Amino acid sequence: MADYYSYLWSTTWPNVIVLFLIWGIVLSRLGWKILKTWRYAHDAGGFLRLTGKALIWIGVLAIYTELLLFSQPDWLAQPGFVQGSVQGKAYDSGARAYVLDVRNGSEQQQFYVDYNVYKQIKVQDQVKLMYLPKRREVVRCELVGSLL
């Protein structure tokens, strides 16, 4: 699991840091407004305005968090595991990615790997993969058996 989340962190750290900065700024501003309203506005109007502002800022936080989870859905998913034989490998010029076709029983799936894995794996090798379930990117590839 540590491999999975360290890979996610390495590919999405700018998005996560910006989200944490937005949360920090919004919560500190909201805390300041609550403190200011509590000290100086002891009427119902001040607390109603504070409630309205709090709802707006909570909506802003929800939208930014949803945008991150929409663009990076693998943060909430469990890693996928598959073990099978490599049936083919290719370079997808449209996606600019290296693709492995892995057969697990009667099911054949495509996974995206980096160049080093692509070079080392041969067709008909037995592999065990840990991958991101939504993006189908391989996090860890273990060679279980080889024809050589």
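A short reminder: the numbers here are calculations on the coordinates, not readings from a lab. Small disclaimer: the values here were computed from a predicted structure and weren't measured.
Summary of the geometry: segment 80-94 and segment 7-46, compared by the centres of their Cα atoms, lie 43 Å apart. You can think of it this way: the chain between Gln78 and Trp32 has 12.8 nm of extra reach, that is 0.36 nm per residue less the Cα-Cα gap. Computed from backbone phi with θ = phi - 60° and the Karplus coefficients 6.51, -1.76 and 1.60, the 3J(HN,Hα) list for segment 14-29 is x, 5, 5, 5, 5, 4, 5, 5, 4, 4, x, 5, 5, 5, 5, 5 Hz; x is used for glycine and proline. Straight-line cross-link reach from Lys128 at under 13 Å between alpha-carbon atoms covers these aspartates and glutamates, not counting any fewer than eight positions away in the same chain: Asp101, Glu142. Using a cut-off of 19 Å between alpha-carbon atoms, which lysines can reach Lys122, once sequence neighbours fewer than 8 places away in the same chain are excluded? Once the sequence-local lysines are set aside, what remains near Lys122 is Lys89. Its relative contact order, with pairs defined as Cα atoms under 8 Å and 6+ residues apart, puts the chain at 20 percent. Taking the helices alone, the chain has a mean residue ellipticity at 222 nm of -17500 deg cm²/dmol, built from -39,500 (n - 2.57) per DSSP H run of at least 4 residues and averaged over all its residues. Taken over segment 2-76, the convex hull of the Cα atoms encloses 83 Å³ per residue. Whole-Hz Karplus values for segment 76-88 come out as 9, 9, 7, x, x, 10, 8, 10, x, 9, 6, 9, x Hz, taken residue by residue from phi with 6.51 cos²θ - 1.76 cosθ + 1.60 and θ = phi - 60°; glycine and proline positions read x.
The amide H of Lys89, built 1.01 Å from its N in the peptide plane, has Asp101 as neighbours under 5 Å, considering only residues 5 or more places off or on other chains. Relative to the longest principal axis of the Cα atoms of the chain, helix 44-71 runs at roughly 10 degrees. For the chain, the Stokes-Einstein estimate of translational diffusion at 20 °C and a viscosity of 1.002 mPa s comes to 115 µm²/s, using the Kirkwood hydrodynamic radius over alpha-carbon pairs. Placing one identical point scatterer on every Cα of segment 76-137 and ignoring solvent, what is log10 I(q)/I(0) from the Debye formula at q = 0.26, 0.28 Å⁻¹? Debye output, listed in q order: -1.18, -1.31.
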